[in-house]
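Colleague: My questions will all concern the structure given below.
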Amino acid sequence: VLNEACRVGAHKLPGLMVAVNVSPIQVVRDDFVSVVRKALSSSGLPPQRLEIEITESLFIDASPKALRNLETLRQMGIRVALDDFGTGYSSLAYLRQFPFDTLKIDRAFVRELVTQHDARAIVRSIVELAAALGMSTVAEGVEEPAQYELLRRAGCAGVQGFLIARPMVIEQAVEMLESWAMQRAPDGLRELGVGRR
């Protein structure tokens, strides 16, 4: 998956960040860094365009090896994101243990943004915390324009979800990018004034 993501990113998605989820089991492997390095080298994808996404479960038994591997990736210019932040085993200690580039706000909070005051308060707090620590934020599971608007007002740097696009094959993704390049946002976002960034 990593090899294919890097290959497609380098050749069909110029200028875009490529994010790849990896499991805690992969991150603790002795050859993890060399596998990532090889994928970048064989594909030609610059390290600055790769983001590795890990889940909080990595930190339950946070091995020094995992943290060293992640730090080595960051030294190479690769970004590291903490996926599904805010649920499961969340602990602010993780944010002190490792300097992530991105916090991905779990869809559980996004789903209730419009109807629950506490969900809005939590999302605002995560965005403010991330900004104070020099991290960006991405909200997962955005499906409604009202959710997008609340996230925009909270200062969330990015969103992903069905409002933007459903899962698609690479040819459809390339076509969508070309559409955005001509300043035409997908139908669901035109009324919000969202275009190319």
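The values are calculated or read from the model by the stated rules, or taken from the named source; none is laboratory data. The structure presented is a predicted model; accordingly, all values stated were derived computationally and were not measured. Note: ideal-geometry Cβ built from the backbone for every residue, glycine included; neighbour counts use all protein chains shown. The area values use the complete protein model at the heavy-atom level, side chains included, leaving out ligands, DNA and RNA. Shrake-Rupley method; radii C 1.70, N 1.55, O 1.52, S 1.80 Å.
Colleague: Applying the selection to the range 153-179, what residues are under 27 Å from residue 113 (Cα atoms), touching a residue at least 12 places away in the same chain (Cβ under 8 Å), out of contact with any Asp or Glu (no Cβ under 9 Å at 6 or more places or on another chain) and not in a loop (DSSP other than H, G, I, E, B)?
Modeller: Step one: list which residues in the range 153-179 are under 27 Å from residue 113 (Cα atoms), which gives 153-168.
Remaining after also requiring touching a residue at least 12 places away in the same chain (Cβ under 8 Å): 154-165.
Restricting the remaining residues to those that are out of contact with any Asp or Glu (no Cβ under 9 Å at 6 or more places or on another chain) gives 156-158, 164-165.
The answer is 158, and nothing else.
Colleague: Considering only residues that are in a helix (DSSP H, G or I), more than 15 Å from residue 42 (Cβ to Cβ) and open to solvent by 50 Å² or more (accessible area, probe 1.4 Å), which ones fall in the range 1-31? Before you say what the answer is, go through the steps one by one.
Modeller: Going through the range 1-31, the residues in a helix (DSSP H, G or I) turn out to be 2-12, 24-27.
Those still in the list that are more than 15 Å from residue 42 (Cβ to Cβ) too: 12, 24-27.
Result: 12, 25, 26.
Colleague: Select, from 72, 137, 115, the only residue that is of a type in the set (Ser, Thr, Tyr) and touching a Ser or Thr at 6+ places or on another chain (Cβ under 8 Å). Can you show your working first?
Modeller: On the way: 72 fails: touching a Ser or Thr at 6+ places or on another chain (Cβ under 8 Å); 115 fails: touching a Ser or Thr at 6+ places or on another chain (Cβ under 8 Å).
The match here is 137.
Colleague: Of 73, 92, which residue is of a type outside the set (Val, Ile, Thr) and open to solvent by less than 20 Å² (accessible area, probe 1.4 Å)?
Modeller: After applying the criteria, what remains is 73.
Colleague: Does residue 171 satisfy being loosely packed, with under 13 Cβ neighbours inside 10 Å, more than 19 Å from the chain's Cα centre (by Cα) and among the charged types (D, E, K, R)? So that I can check it myself, show each step before the final result.
Modeller: Values: loosely packed, with under 13 Cβ neighbours inside 10 Å: yes; more than 19 Å from the chain's Cα centre (by Cα): yes; among the charged types (D, E, K, R): yes.
Considered against the rule, which asks whether it is loosely packed, with under 13 Cβ neighbours inside 10 Å, more than 19 Å from the chain's Cα centre (by Cα) and among the charged types (D, E, K, R), residue 171 comes out as yes.
Colleague: A further question on this structure: Provide a single number: the residues in the range 40-54 that are under 19 Å from the mean Cα position of the chain (by Cα) and either more than 30 Å from residue 106 (Cα to Cα) or free of Cβ contacts under 8 Å to residues at least 40 places away in the same chain (or both).
Modeller: Here is the first cut: in the range 40-54, the ones under 19 Å from the mean Cα position of the chain (by Cα) are 40, 45-54.
Among the residues that remain, those that are also either more than 30 Å from residue 106 (Cα to Cα) or free of Cβ contacts under 8 Å to residues at least 40 places away in the same chain (or both) are: 40, 45-48, 52, 54.
Of the residues in that region, 7 qualify.
Colleague: In this structure, is residue 42 in a helix (DSSP H, G or I) and modelled with pLDDT of 90 or more? Don't jump to the end; show me each part of the working.
Modeller: Working: in a helix (DSSP H, G or I): yes; modelled with pLDDT of 90 or more: yes.
Yes.
Colleague: Okay, next question. If I ask for residues that are assigned to a helix (DSSP H, G or I) and closer than 20 Å to residue 138 by Cβ, which ones from the range 45-66 would you list? Talk me through it step by step, then tell me what you get.
Modeller: First, the residues of the range 45-66 that are assigned to a helix (DSSP H, G or I): 47-49, 56-59, 64-66.
Selection gives 47, 48, 49, 56, 57, 58, 59.
Colleague: Do the conditions hold for residue 138, that is, is it part of a strand (DSSP E or B), within 24 Å of residue 13 (Cα to Cα), at pLDDT 95 or above and not acidic (Asp, Glu)? Give the derivation first.
Modeller: Working: part of a strand (DSSP E or B): yes; within 24 Å of residue 13 (Cα to Cα): yes; at pLDDT 95 or above: yes; not acidic (Asp, Glu): yes.
Yes; evaluated as a whole, the condition is true for this residue.
Colleague: If I ask for residues that are open to solvent by less than 90 Å² (accessible area, probe 1.4 Å) and either of a type outside the set (A, V, I, L, M) or not in a helix (DSSP H, G or I) (or both), which ones from the range 101-117 would you list?
Modeller: Applying the first criterion (open to solvent by less than 90 Å² (accessible area, probe 1.4 Å)) to the range 101-117 yields 101-106, 108-110, 112-114, 116.
Of everything in the range 101-117, those that are open to solvent by less than 90 Å² (accessible area, probe 1.4 Å) and either of a type outside the set (A, V, I, L, M) or not in a helix (DSSP H, G or I) (or both) turn out to be 101, 102, 103, 104, 105, 106, 109, 112, 113, 114, 116.
Colleague: Of the numbered conditions (1) at pLDDT below 85; (2) open to solvent by 50 Å² or more (accessible area, probe 1.4 Å), residue 65 fails exactly one; give the number of that condition.
Modeller: Going through (1) at pLDDT below 85; (2) open to solvent by 50 Å² or more (accessible area, probe 1.4 Å) one by one, residue 65 breaks only (1).
Colleague: Does residue 126 qualify as being farther than 19 Å from residue 27 by Cα and touching a Ser or Thr at 6+ places or on another chain (Cβ under 7 Å)?
Modeller: Criteria met by residue 126.
Colleague: I need a count of the residues in the range 129-158 that are over 17 Å from the mean Cα position of the chain (by Cα) and open to solvent by 20 Å² or more (accessible area, probe 1.4 Å).
Modeller: Keep residues of the range 129-158 that are over 17 Å from the mean Cα position of the chain (by Cα), which gives 132, 144-147, 149-150, 153-154.
Now narrow it down to the ones that are open to solvent by 20 Å² or more (accessible area, probe 1.4 Å): 132, 144-146, 149-150, 153-154.
The qualifying residues number 8.
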